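Undergrad: If you scroll down you'll find the structure; I have some questions about it.
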Amino acid sequence: QVQLVESGGGLVQAGGSLRLSCAASGRISSINVMGWYRQAPGKQRELVAAIGTGGSTNYADSVKGRFTISRDNAKNTMYLQMNSLKPEDTAVYYCWAGNNYYDYWGQGTQVTVSS
């Protein structure tokens, strides 16, 4: 099992920045990929960014150039630096970790961007 705990959400004005953190514990060595998803009210959950064990990354088109995903393997922690935030970035952000067999999810953290 893998446990994921997010932190760092909150309320910010448009154009501002936030950094989300995801602390992982448990059988971390079994994880291949980690990432961040988000779900806005009335919308489907969508992938925001992902990072592989080798450090390769990919981003949703809507956040490219504004968000940066990273991981600190020594601290078993993943981050999402969010800059130039827009009201449409408002959502619950979920930390995700996966391998060939299982998906693990955090409890989610609310990000609200005011205009």
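Undergrad: How many residues are within 14 Å of THR90 (Cβ to Cβ) and surrounded by 15 or more Cβ atoms within 10 Å (Cβ to Cβ) when one looks only at segment 17-44?
TA: Within segment 17-44, residues that are within 14 Å of THR90 (Cβ to Cβ) and surrounded by 15 or more Cβ atoms within 10 Å (Cβ to Cβ) number 3.
Undergrad: Looking at segment 72-91, which of its residues are open to solvent by 40 Å² or more (accessible area, probe 1.4 Å) and closer than 22 Å to GLY16 by Cα?
TA: Hits for segment 72-91 are GLN81, ASN83, SER84, LYS86, PRO87, GLU88.
Undergrad: On to the next question. I'm told GLN3 meets every condition in (1) in contact (Cβ under 8 Å) with a residue 60 or more places away in the chain; (2) within 21 Å of LYS86 (Cβ to Cβ); (3) not in a loop (DSSP other than H, G, I, E, B) except one. Can you identify the failing condition by its number?
TA: Checking GLN3 against (1) in contact (Cβ under 8 Å) with a residue 60 or more places away in the chain; (2) within 21 Å of LYS86 (Cβ to Cβ); (3) not in a loop (DSSP other than H, G, I, E, B), the one that fails is (2).
Undergrad: Which condition from (1) more than 15 Å from GLY9 (Cβ to Cβ); (2) among the hydroxyl-bearing types (Ser, Thr, Tyr); (3) crowded, with 17+ Cβ neighbours inside 10 Å is the one that SER56 breaks?
TA: Against the list (1) more than 15 Å from GLY9 (Cβ to Cβ); (2) among the hydroxyl-bearing types (Ser, Thr, Tyr); (3) crowded, with 17+ Cβ neighbours inside 10 Å, SER56 comes up short only on (3).
Undergrad: Is it the case, given these coordinates, that ALA50 is more than 10 Å from the chain's Cα centre (by Cα), aliphatic (A, V, I, L, M), more than 18 Å from VAL113 (Cα to Cα) and surrounded by 15 or more Cβ atoms within 10 Å (Cβ to Cβ)?
TA: Answer is no for this residue.
Undergrad: Collect the residues in segment 92-112 that are within 16 Å of VAL5 (Cα to Cα) and open to solvent by 70 Å² or more (accessible area, probe 1.4 Å), keeping them in residue-number order.
TA: The answer is ASP103, TRP105, GLN107, GLN110.
Undergrad: Still on this structure: Report whether or not VAL12 is open to solvent by 50 Å² or more (accessible area, probe 1.4 Å), among the hydrophobic types (A, V, I, L, M, F, W, C) and part of a strand (DSSP E or B).
TA: Answer is no for this residue.
The values are calculated or read from the model by the stated rules, or taken from the named source; none is laboratory data. From a predicted model like this one, the values you see are computed outputs, not experimental measurements. Don't worry about glycine lacking a Cβ; one is built from the backbone with ideal geometry, like all the others, and counts go over all protein chains shown. Note: accessible area is taken over every heavy atom of the protein model, side chains too, but ligands, DNA and RNA are not part of it. Shrake-Rupley method; radii C 1.70, N 1.55, O 1.52, S 1.80 Å.
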